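Just below is one structure, and these are the notes that go with it.
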Amino acid sequence: MNALVVNLNLAVDKTALVPGFRKGRVFRLPGTVTLPGGKGVNVARALRSLGLEVPVAGFVSGHNGRWIAEALRREGFKSYLETHSSGESRVCYTVVDGAGAATDLNEEGPGVPAAAQARFLRTYAGLAGRFRAAAVCGRVSAGLRKGFYSSLVRLAAAKGCFTVFDTSGPVLAEAVAAGADAVKINRSEFEELAGAPATPARIHAFYRRCSRKGLKTLIVTDGAGHTHAASPFGLWRAFPPRLPALKSPTGAGDSFMAGFLFGFLNGFDFERTLKLASGAAASDCLTVGAGLISRPQALAYAQKARVRKLD
C-alpha cells in the first residue's frame, strides 16, 4: 500500500457556519457538519478525493471513540485503532463566520495508558514495512512517553518507510532529531521549532542544519501567504492561487499535506508537487468541513498556483 496516516489524537469534529457570529450571543446551528476528524483523518479524506485510499491509525476511547471508529467505517476508511478506557476521545468545534474566519475550540483528549502505547507501537512496527510513507499528523495525545515520536521515526526507517510530520511542540523537535524525512508545518509552528522568525533565509538555514540528521524536505505554509519549501533541490516559494471567495480555511493545511503526499507517492517533480498541494488547499478553503475537496477543482487551482525557485 502507498501510505499510512497516523492520527494519534483522533476526534469528533463539528463545524458550523454562523454568518453573524459574535461572542456573547446565543446561536442555533441547523447545518452542523459532524465528522470523524483530527488532522490525519482530514488528510486521508482529501487524499481519497485526489484518488488515493489510505488507512488511518491512532488512539480512541470511550463513547466518542466508538463513534469515531464506526464513522470511519461508514466513510469506508480502513483503520488500525488502539482502544483504551482512559476517558472520552476529544471533540473539536469550529465556528465559521460569514467572512470565512474560523474560531476553533479543541478539547485536549484523554491521557493514553502506557500499555496502549506499547500495543500501538507493536502494531505500527508491523505495518511500517507495508507502506512507502507514514504521515504523522495532528496534536500529540496526552500522556505519551518521551521517545514515542522517535520510535515512530526509527521503526519506519528500519522498514524503509518515509516519514513526514505535521505536528508541533517538543514532539516535533523529537521527530526531527530522530531523523524524520519530511516536515510540513505552518509559520507559527516553525517559529516555535526554530526559535526564530520565519524568513526564507532562516527556513533554508534551519533545513540545512536538520538535513544532517536526515531531513529531506521542510515545508512552511503561511495561510493565504506564500509557502516556502526547502529540499535537496533548493529553496522554493509557492504562490497560492487567488480565490473568488472563502468559506472556511479550516483543514486547508491538511489538504496541502494530502497534495504533497499524492505528488510524492506518484513521483511528481518538486514544483508540480507544490502546485498540487497549493491547489488542494485552495479547494478546501471553498468548503465547510476539513479535508473536503474536489479533485477537478484542486487540479484547476494547481494550474493557477505559481512556484519559483529562490536558491
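Check Val307: other-chain or 5+ apart residues with amide H under 5 Å from its amide H, H built from backbone geometry? For Val307, the qualifying residues are Phe239. Placing a label point 7 Å from the Cα of Arg306 along the Cα-to-Cβ direction, the residues of segment 232-266 whose backbone N falls under 16 Å from that point are 236-243. Using Cα pairs under 8 angstrom and six or more residues apart, how large is the relative contact order of segment 190-311, in percent? Contact order relative to length: 24 percent.
Relative protection proxy for 247-256, 72-81, 290-299, from highest mean packing down: 247-256, 290-299, 72-81 (other beta-carbon atoms within 10 angstrom).
Here's the picture: charge each Lys and Arg Cβ at +1 and each Asp and Glu Cβ at -1 in the chain, and of Gly58, Gly223, Ser211 the one pushed furthest to the positive end of that dipole is Ser211. Net charge near Leu35, counting Lys/Arg +1 and Asp/Glu -1 over other residues with Cβ under 14 Å of its Cβ? So the environment of Leu35 carries a net charge of +2.
Proximity of backbone amide H atoms, modeled 1.01 Å from N, is registered between Gly143 and Val112 at under 5 Å, excluding neighbours fewer than 5 places apart on the same chain. Secondary-structure-derived ellipticity at 222 nm for the chain, considering helices only, amounts to -12000 deg cm²/dmol, per-run term -39500 (n - 2.57) for DSSP H runs with n ≥ 4. Seen from a random direction on average, the alpha-carbon convex hull of segment 3-309 projects onto 15.1 square nanometres. Rg of the Cα atoms in segment 148-290, relative to 2.2 N^0.38 Å, amounts to 1.01.
Peptide packing: for 174-187, 220-233, the average count of neighbouring Cβ atoms within 10 Å per residue gives the ranking 174-187, 220-233, highest mean first. Backbone geometry of segment 81-97 corresponds, through the Karplus equation with coefficients 6.51, -1.76 and 1.60 at θ = phi - 60°, to 3J(HN,Hα) couplings of 9, 9, 9, 9, 10, 8, x, 9, 3, 6, 10, 10, 10, 10, 10, 10, 8 Hz, x marking Gly and Pro. Each Cα pair under 8 Å and six or more residues apart adds its separation to the average, and for segment 36-86 the resulting relative contact order is 39 percent. Please state the relative contact order of segment 3-309 as a whole percent: Cα pairs under 8 Å, 6+ residues apart? Over segment 3-309, the number comes to 17 percent. Taken along the Cα-to-beta-carbon direction at a fixed 7 Å, the label points for Glu70 and Ala224 span 4.1 nm.
Here, each number is a calculation from the coordinates, and none is a lab measurement. None of the values given here were measured: they were computed from a predicted structure. Neighbour counts run over all protein chains shown; Cβ positions are idealised from the backbone, glycine included.
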